[in-house]
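Visitor: The following block contains the structure, expressed as structure tokens.
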Amino acid sequence: MPNTMTWLRFALCLGLIGLCLRAPAPPASAGTTGTLYGFVQTAQNAPVAAAAISVTSPSQNAKTQTDARGQFTFVALIPDTYAVTASKEGYETVTLTGVEVVADNTRTVFVQLKPVKTLGAVVVSRSGLVSAGTTVDVYSMNRPVQRTLVGINGGYDINNSYSAIAAVPGAFVPPIASGWNQPVFIRGGAFDQVGYEYDGIPVNRAYDNAPLTTLSNVGQQLVQVYTGGAPADAESRGLAGYINQVVRTGSYPGFTDVTLGIGSPAL
């Protein structure tokens, strides 16, 4: 027959087992991040696919893009107040501010993108005498365009090429362009950093590159303005920009090549 001590030990073990079975489970730890879910659509409720989405807050920055249904998801965002930006080429960029992300919650947002309105187009010519192989911006303006722009910045009558040049982005022509030795500034460069050619013939002064030309449009087919430097095949050099006048073949008044010389053995 078992002794008293054995029974006491047996009863103690049964009590401990009962306490373990009745002990409550430890509470689950709360989450520390939240989720942001959204849709990007047009005003006609059409999904906008491949739109760039970014979220920004003092705590965290993240980027993604929409899928074919215009949906996007950010998981594991630090709880904070975010700015949500949606952008895509051809649409206006939209930013939603004050988007609250809470831990263990999913926030849903809707973004509507509007198409960008096109006010006009600039035709850029990359063919002709000096355009081959150039990687800078080229603006070509024919005589009708020059007549349309004649009132912009002076240079009337046969010198209205200056008004057309003044309309080029990045170019500045001082007001009341008289024509003779008229400075033209392109992309903030000095007036002697612009190269000039007349139908492929350089007209800058050799020793200081100063312009010694009047941009008359007599017999001119078009004027080409290169912003950013001269093309590789140019005879004239310019650090800030380059201007070339292309002669209109078969026009009136006619033109010809004349070679003149004056001097003595000393010259």
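The values are calculated or read from the model by the stated rules, or taken from the named source; none is laboratory data. This structure is a prediction, so every number in the text was calculated from the model and none was measured. Positions of Cβ are generated from backbone atoms using ideal geometry, with glycine treated the same way; all protein chains shown enter the neighbour counts. For the accessible areas, the whole protein counts, side chains as well, though only heavy atoms, and no ligand, DNA or RNA atoms are used. Shrake-Rupley method; radii C 1.70, N 1.55, O 1.52, S 1.80 Å.
Visitor: Any idea which of Gln65, Gln41, Gln71 is under 30 Å from Ala86 (Cβ atoms), at pLDDT 60 or above, out of contact with any Lys or Arg (no Cβ under 6 Å at 6 or more places or on another chain) and open to solvent by 60 Å² or more (accessible area, probe 1.4 Å)?
Guide: Checking each option against the conditions leaves just Gln65.
Visitor: What do you reckon, is Thr135 open to solvent by 60 Å² or more (accessible area, probe 1.4 Å), among the hydroxyl-bearing types (Ser, Thr, Tyr), within 22 Å of the chain's Cα centre (by Cα) and at pLDDT below 65?
Guide: yes
Visitor: Please find, among Val145, Val168, the residue that is in a loop (DSSP other than H, G, I, E, B) and either modelled with pLDDT under 80 or farther than 21 Å from Gly219 by Cα (or both).
Guide: Testing whether each residue is in a loop (DSSP other than H, G, I, E, B) and either modelled with pLDDT under 80 or farther than 21 Å from Gly219 by Cα (or both) leaves just Val168.
Visitor: Name every residue in region 231-252 that is open to solvent by less than 30 Å² (accessible area, probe 1.4 Å) and at pLDDT below 70, in order of residue number.
Guide: Scanning region 231-252 gives Pro231, Ala234, Ser236, Ser251.
Visitor: Does Val94 satisfy being of a type in the set (A, V, I, L, M, F, W, C) and modelled with pLDDT of 75 or more?
Guide: yes
Visitor: Output the residues belonging to region 27-61 that are under 27 Å from the mean Cα position of the chain (by Cα), not β-branched (Val, Ile, Thr) and not in a loop (DSSP other than H, G, I, E, B).
Guide: Gly38, Phe39, Gln41, Pro47, Ala52, Ser54, Asn61
Visitor: Tell me the residue from Thr97, Thr85, Thr64 that is in contact (Cβ under 8 Å) with a residue 24 or more places away in the chain and either closer than 21 Å to Thr32 by Cα or assigned to a strand (DSSP E or B) (or both), please.
Guide: Thr85
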